[in-house]
Amino acid sequence: MHILVVGLSHRTAPVDLRECVDFKGRVEAALGALASRGSTHEAVVLSTCNRAEVYAASDDVGTARADLAAFMSDFHGVDPANLSPHLYDLADLDSARHLFRVAAGLDSLVVGEPQILGQVKEAHALATGAQTVGPVLNRLFHSSFAAGKRVRTETGLAAGAVSVSFAAVALARKIFGDLKRRTVLVIGAGEMGKLTAQHMKSQGVQQVTIVSRTMAHAARTAELIGGASAAPWEEMDAALGASDIVITATGAGTTILTKSHLEAVMRPRRNRPLFIIDIAMPRDVEPAAGEIEQVFLYNIDDLQATVRENLARRASEVLSAEAIVTEEVGKFVAWLRSRVAIPTVVALRQKFEIIRRAELERLDFKLSALPPDARPEARACVDEITRLIIEKLLLTPTEQLKGLGDHDRVAAYSEALTRLFGLTSSTDAEPEPGTQRPERVEGRVEPFRAKSRPSNRG
Amino acid sequence: MNVVPLALYAVAFLAYAWHFTRRNPAVGQTATILLVAGALAHTFVIGMQTMEAGHVPITGPTSAISDFVWLLALAYLYTEMTTDERAMGVFILPLLVVLQAIPAMNPSIEERAPVLQGPLFGIHVSSLLFAYASFALACVIGITYVLLFKEIKAKHLGFFYARLPSLQVLDRMNQRAIVIGWIFLTVGIIAGVVFAGQARALPSAALDPRVQAMSLGDPKIFVALLCWAVYSFELFAARRIGWGGRRTAYLSALGFSIVLLNFVPVSYFLTKSHNF
């Protein structure tokens, strides 16, 4: 079985093309369409703002690759000639690595952004719901979740805010802890002030008050935000005294808050910190005000500088994140390789089972010498013993075979077993050029494996 | 025997330091487990000494340091478990290791002097040890507050910004530790005064120069009262003048350095009243 990904992302396609091949809201339909094409055994569709990808498991990479590319243009009604230059396709190890990097946020537009892991999980859940996920993609996606989670917890790839508004909120949290009982004062009723106030509101602050030189402007902006209140310019000092976070965004061009003004405001506040975010240009707050003990003053440049620092820090974490991805890909590939041995193991089990049944039948004749009421018990006993003997005999070779990581050695061991035990069940299918024998057989013998599992434990 | 907890504290410190720099959650959990193991081993050691001596070994400075380390480990574990915040461990653990090295190198159990009897003496020592453990926590929290405060003020959001809880949380933890410490310090001092009064009344007291030295003139007693004054001022300043943040953080560092001074050098070299 081979794994394949075909798709496009912000790295390969311009935004207008990405909009055309967006699966949003149509993922189930796409999965149904893919299943009906029949070129793949398993499929998952991953669709985000910045990427549209189809992950598939198939026996024949070449055919599946061409068919998935055709599917992308068919489903979205895009001319293949326009689409194909922007499509990438990766197979097996490379496709696993790609998905793990995507889940870890390494392939995102903003490196380490947090939403992508949830989107990958959702893609997997949708495909599970549509029953297009089999054992291979299921394992692949669960491994990618593990890789994504490890990168998030063990590296700083997702640490630090990477936009100015999130940097401001992160700072506020570092000063105040919980923002729920905090009061925000916005000075200036312009667009910038409104946007920042909305952002603060969405972060769960208790109250947002807007102060503007024109009371009507303040009232209208407060109404637009919803749940905010407006106050006249003359009451600014009272509002300052009651606030924890102040956002200044006037277009005044003159200093609104001087150091001495703020010193007077701070005195009755005693030790309560005041976080001032000056996003006006030119600035509204005298820079020296930041010298007041419990005043934390950040202007737009300061916030942008922290964003740049965070981006640089994330970039420095890329190497350790890639190392985790490589480790997880290694684990997944080991699992995938262990599956190569499955047909041989199944054939070996079948062989043993056939012999056992034949011998049991012969024994049945001898058992008829026993009294009739003792026969079922004796038969059950012999059945149980022979079954256990076979289980125990096969346990070690099965584990050894599955534990081999090296593809060539698995093939050599399988070959040896096939010859030594005269296994035939894996050679009776028609040979196909260009595909490896064990993998070809695998899909067919899979149900046997599922059945034989409980008896492994017994 | 004190070497076993010392070794565990030292290893736990390395784990906390690793956790602090690399922020690996598994390492953090390991660090906590190691510290719990150290505290349990320490509990065992103190329990064994209690059985051997027939009383809790709290009289000599060496045993008192061991008890203090044990209390501090427990107090820290309590805060870690209630706040789910491991960042402070890297600051507390060195203190545990350095102080625990003293009893680990002087493994003797001192004979208890006959005057040191009764519940008041027990209350005196255990309250003060608990107060000192609280002050140690307050000091470490205060230091981390200042480190974070400086990073935010300097607009250079780096190492501590990414690792410490918010300023308000640190400030509140600091205040709480000081209030608890101050209450126990007060109880301990009052118990000590009452105990000294009773000890003087004992017939054997006249022969014991240490009992005679129990006055304000003794360095240990004087420094303890100085300590009480510092923390009382800190509480007063926080409640009445609205001090907080950096100022209280500095004061808790000052207060704890006095505690340490009283605890180690004064106990070993200077005091005439407390050298049992």
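For the pair residue A:331 and residue A:153, the difference between a 0.36 nm per residue extended length and the Cα-Cα distance amounts to 62.2 nm. What does the net charge come to around residue A:37 if you take all other residues with beta carbon closer than 10 Å to its beta carbon, with K and R at +1 and D and E at -1? Residues near residue A:37 contribute -2 overall. Per-residue packing, averaged as other Cβ atoms within 10 Å, sorts the ranges A:48-56, B:77-85, A:109-117 into the order A:48-56, A:109-117, B:77-85, beginning with the highest. Using a cutoff of 8 angstrom between alpha carbon atoms and counting only pairs six or more residues apart, the relative contact order for chain A works out to 13 percent.
Ranked for footprinting exposure by Cβ neighbours inside 10 Å, fewest first, A:361, B:234 give A:361, B:234. Projected onto its three principal axes, the C-alpha set of chain A covers 110, 58, 37 Å, listed from the longest axis down.
Placing unit charges on each Cβ (+1 for Lys and Arg, -1 for Asp and Glu) gives the protein assembly as shown a dipole about its Cα centre, and among A:396, A:238, A:30 the Cα reaching farthest toward its positive end belongs to A:238. For a label point 7 angstrom out from the Cα of residue A:375 toward its Cβ, which stretches of segment A:341-368 have the backbone nitrogen within less than 14 Å? What the label zone holds, given the 14 Å backbone N cut-off, is A:361-368. Can you give me the distance in nm between label points at residue A:78 and residue A:387, each placed 7 Å from the Cα along the Cα-to-Cβ direction? Roughly 5.5 nm, to one decimal.
Mean per-residue shielding of peptide B:67-74 is 0, counting Cβ atoms of other chains within 10 Å of each Cβ. The label point for residue A:258 and the one for residue B:50, both projected 7 Å from the Cα toward the Cβ, are 6.6 nm apart. Among A:292, A:110, A:158, whose Cα sits farthest toward the positive end of the charge dipole of the protein assembly as shown (+1 at Cβ of Lys/Arg, -1 at Cβ of Asp/Glu, about the Cα centre)? Working it through, the farthest residue towards the positive pole turns out to be A:292. When each of B:155, A:149 is scored by the number of other beta-carbon atoms lying within 10 Å, the sequence from fewest to most is A:149, B:155. Per-residue shielding of A:288-301, expressed as the average number of other chain Cβ atoms within 10 Å of the residue Cβ, stands at 2.
What net charge do the residues around residue B:178 carry, taking every other residue with its C-beta under 14 Å from that of residue B:178, with Lys and Arg at +1 and Asp and Glu at -1? Local net charge: +2. Relative to the compact-globule estimate of 2.2 N^0.38 Å, the Cα radius of gyration of segment B:223-264 comes out at 1.15. Take each peptide in A:281-287, A:131-137, A:370-376, count the other Cβ atoms within 10 Å of every residue, and average; sorted highest first, the result is A:131-137, A:281-287, A:370-376.
With a 10 Å cut-off around each Cβ of B:150-158, the average count of Cβ atoms from other chains is 5. Couplings 3J(HN,Hα) for segment B:137-142, derived from phi with the Karplus relation 6.51 cos²θ - 1.76 cosθ + 1.60 (θ = phi - 60°), are 4, 4, 5, 5, 4, x Hz, where x marks Gly and Pro.
Helix-only mean residue ellipticity at 222 nm, the protein assembly as shown, DSSP H runs n ≥ 4 weighted -39,500 (n - 2.57), per residue, nearest 500. What is it?
Numbers: 27 runs with 471 residues, N = 734.
After summing the helix terms and dividing by residue count, I get -21500 deg cm²/dmol.
Label-to-label distance, residue A:94 versus residue A:170, with points set 7 angstrom from Cα along the beta-carbon direction: 3.5 nm.
Bear in mind that the values in this text are calculations on the coordinates, not laboratory data. Computed from a predicted structure; not experimentally measured. Every residue, glycine among them, receives a Cβ derived from its backbone with ideal geometry; neighbour counts consider all protein chains shown.
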